[in-house]
Amino acid sequence: MNIHEYQAKELLAKYGVPVQPGGVAYTAAEAAEVAQRLGGKLWAVKAQIHAGGRGKAGGVKLVRSPEEARTAAAGMLGRRLVTHQTGPEGRDVKRVYVEAASDIARELYLALSVDRTSGRTTLIAAAEGGVEIEELAARAPEKILQLAIDPATGIEPFHGRRLAFELGLGSAEVKAMVALVGGLARAFEDLDASLIELNPLVLTGAGGLVALDAKMGFDDNALFRHPEIEALRDEDEEDPIEREGQKNSLSYVKLDGNIGCMVNGAGLAMATMDIIKLYGGSPANFLDVGGGATRERVTAAFKLILSEPNVEAILVNIFGGIARCDVIAEGVVAAAREVNLHVPLVVRLEGTNVELGRKILSQSGLPIIAAQDFADAAQKVVASIKEAT
């Protein structure tokens, strides 16, 4: 789960991470009021969406009066902001963040994330902030510093000192970096975060460090421990189909292909997508109905797949263990009848109660294409699309 910049800054400030004072506004008039309340002579008005690249797309404006803040906010609110991360469809701006401007001497990059290779929380830093880290990694990977954190000891002061020295900070800024890194680490662990990114982290003219932008992502599986984080969810920023999947306890990720997939088990789902690609197809989604799938959950999963307009065929690939094949078959038949199946459906069942499951499918009266094994299923679903066209 991701949250907005202003929400991330509110959380991080509680852990001692330095941020500029600011306030969220839902109308142009509120933006002017926030600027007036903050005082000063220069503010930044920032569109709040779950995507980077806002500045290049016109989603960040510097203003010099509350009236300019009103005008800038009016130009963002209710508009669709398109960045390289949103895709061509863009995101609707429903709120802006008005923040006191910073005296920027240098821009840095600093993040905490989980390195899937080492299985450790890792500090990532670069002396070039304000740019996409992926772009920098491709252009000059040697400029990115990564420090894996030993889980037995956690973050130590030397991590902050090393970052400060590697980033070319002066001795006066070392203490500030140590405190900042310590605060980030506590927030990361306490809140079960999967990502904290400060880009840019700025060195001010006075020698201080300020998180000019902040992005936070959280482990969905740990949200039951953090109702206060769950309350920050902005459903308007999430794909409606993926959100519906979460409500039905389904792991669903939308992709850009045309073959809908329904599988039980994340590993089998990944393998299913791979074999579809191997035989020339393209998966439209990742969908894991889980080991304890019920008829109701399978029906909900089927509806999700068919709600995607780009789906031209469906592959159901089930290995019956905890989830019995007959239960899956009943769910498939019920969903297909309820939504008026209009695309080819290939089903491969194996495991517990497989013969009963196959019997249910064969006697359903639906045009279901049975597959005998993994490869056969992938070949048949790809062929079904070619035959239909």
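The values are calculated or read from the model by the stated rules, or taken from the named source; none is laboratory data. Here the structure is a predicted model, which is why all the values come from computation and not from measurement. Positions of Cβ are generated from backbone atoms using ideal geometry, with glycine treated the same way; all protein chains shown enter the neighbour counts. Protein only, heavy atoms only, side chains kept; ligands, DNA and RNA dropped before computing areas. Shrake-Rupley method; radii C 1.70, N 1.55, O 1.52, S 1.80 Å.
I'd like to check which strands (runs of 3 or more DSSP E) are fully inside the stretch 276-367 and have at least 2 residues that are charged (D, E, K, R). Give the steps one after another, and end with the answer.
Working: elements: 285-288, 313-320, 345-351.
So the answer is 345-351.
Restricting to the stretch 207-259, and then to whatever is at pLDDT 85 or above, farther than 19 Å from residue 191 by Cβ and outside any strand (DSSP E or B), can you tell me which residue is least open to solvent (accessible area, probe 1.4 Å)?
Of the residues in the stretch 207-259, the ones at pLDDT 85 or above are 207-234, 252-259.
Add one more test, that the residue is farther than 19 Å from residue 191 by Cβ, and what stays is 207-210, 212, 252-259.
The next check asks that each one be outside any strand (DSSP E or B); those that pass are 207-208, 212, 255-258.
On the way: 207: 21, 208: 26, 212: 30, 255: 61, 256: 141, 257: 6, 258: 40 Å².
Result: 257.
For the stretch 332-389: of the residues being in contact with a helix residue (DSSP H, G or I) (Cβ under 9 Å, 6 or more places away or on another chain) and of a type in the set (Asp, Glu), which is least open to solvent (accessible area, probe 1.4 Å)?
Among residues in the stretch 332-389 that are in contact with a helix residue (DSSP H, G or I) (Cβ under 9 Å, 6 or more places away or on another chain) and of a type in the set (Asp, Glu), the one least open to solvent (accessible area, probe 1.4 Å) is 350.
Take residue 24 and tell me if it is closer than 26 Å to residue 230 by Cβ, at pLDDT 95 or above, assigned to a strand (DSSP E or B) and among the hydrophobic types (A, V, I, L, M, F, W, C). Before the answer, list the steps.
Details: closer than 26 Å to residue 230 by Cβ: yes; at pLDDT 95 or above: yes; assigned to a strand (DSSP E or B): yes; among the hydrophobic types (A, V, I, L, M, F, W, C): yes.
For residue 24, the condition - closer than 26 Å to residue 230 by Cβ, at pLDDT 95 or above, assigned to a strand (DSSP E or B) and among the hydrophobic types (A, V, I, L, M, F, W, C) - is met.
Could you check residue 126 against (1) modelled with pLDDT under 95; (2) open to solvent by 20 Å² or more (accessible area, probe 1.4 Å) and say which number it fails?
Of the numbered conditions (1) modelled with pLDDT under 95; (2) open to solvent by 20 Å² or more (accessible area, probe 1.4 Å), the odd one out for residue 126 is (2).
Tally up the residues in the stretch 58-85 that are closer than 18 Å to residue 2 by Cβ and open to solvent by less than 40 Å² (accessible area, probe 1.4 Å), please.
Result for the stretch 58-85: 3.
Yes or no, residue by residue, for (1) in contact (Cβ under 8 Å) with a residue 12 or more places away in the chain; (2) touching a Gly at 6+ places or on another chain (Cβ under 8 Å); (3) more than 20 Å from residue 328 (Cβ to Cβ):
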| position | (1), (2), (3) |
| --- | --- |
| 218 | yes, no, yes |
| 226 | yes, no, yes |
| 237 | yes, no, yes |
| 245 | yes, no, no |
| 256 | yes, no, yes |
| 260 | yes, no, no |
| 273 | yes, no, no |
| 277 | no, no, yes |
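Which residue pairs have Cβ atoms under 8 Å apart, sit 6 or more places apart or on different chains, and have a first residue in the stretch 181-195 that is farther than 18 Å from residue 228 by Cα and a second that is modelled with pLDDT of 95 or more and part of a helix (DSSP H, G or I)?
183/12; 184/12
Of all residues in the stretch 41-80, which are charged (D, E, K, R), under 11 Å from residue 93 (Cβ atoms) and part of a loop (DSSP other than H, G, I, E, B)?
So in the stretch 41-80, the residues charged (D, E, K, R) come out as 41, 46, 54, 56, 61, 64, 67-68, 70, 79-80.
Adding the requirement that they be under 11 Å from residue 93 (Cβ atoms) leaves 46, 54, 79-80.
If the condition is that a residue be charged (D, E, K, R), under 11 Å from residue 93 (Cβ atoms) and part of a loop (DSSP other than H, G, I, E, B), then 54, 79 are the ones that fit.
Residues 331, 281, 365, 357: which one is at positive phi and not hydrophobic (A, V, I, L, M, F, W, C)? Write out each step before concluding.
Numbers: 331 fails: at positive phi; 281 fails: at positive phi; 357 fails: at positive phi.
After applying the criteria, what remains is 365.
Here is a yes/no grid of residues against (1) in contact with a helix residue (DSSP H, G or I) (Cβ under 6 Å, 6 or more places away or on another chain); (2) under 20 Å from residue 184 (Cβ atoms); (3) surrounded by 14 or more Cβ atoms within 10 Å (Cβ to Cβ):
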| residue | (1), (2), (3) |
| --- | --- |
| 87 | no, no, no |
| 95 | no, no, yes |
| 108 | no, yes, yes |
| 133 | no, yes, yes |
| 142 | no, no, no |
| 146 | no, yes, no |
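Does the stretch 110-126 hold any residues that are free of Cβ contacts under 8 Å to residues at least 40 places away in the same chain, farther than 12 Å from residue 199 by Cβ and assigned to a strand (DSSP E or B), and which are they?
Hits for the stretch 110-126 are 115, 120, 122.
Quickly run through the stretch 127-158 and pick out the residues that are closer than 14 Å to residue 112 by Cβ, in a loop (DSSP other than H, G, I, E, B) and among the hydrophobic types (A, V, I, L, M, F, W, C).
149, 155
Checking residue 30 against (1) in a loop (DSSP other than H, G, I, E, B); (2) of a type outside the set (S, T, N, Q); (3) open to solvent by 40 Å² or more (accessible area, probe 1.4 Å): exactly one of these is not met. Which one?
That leaves (1) as the condition not met.
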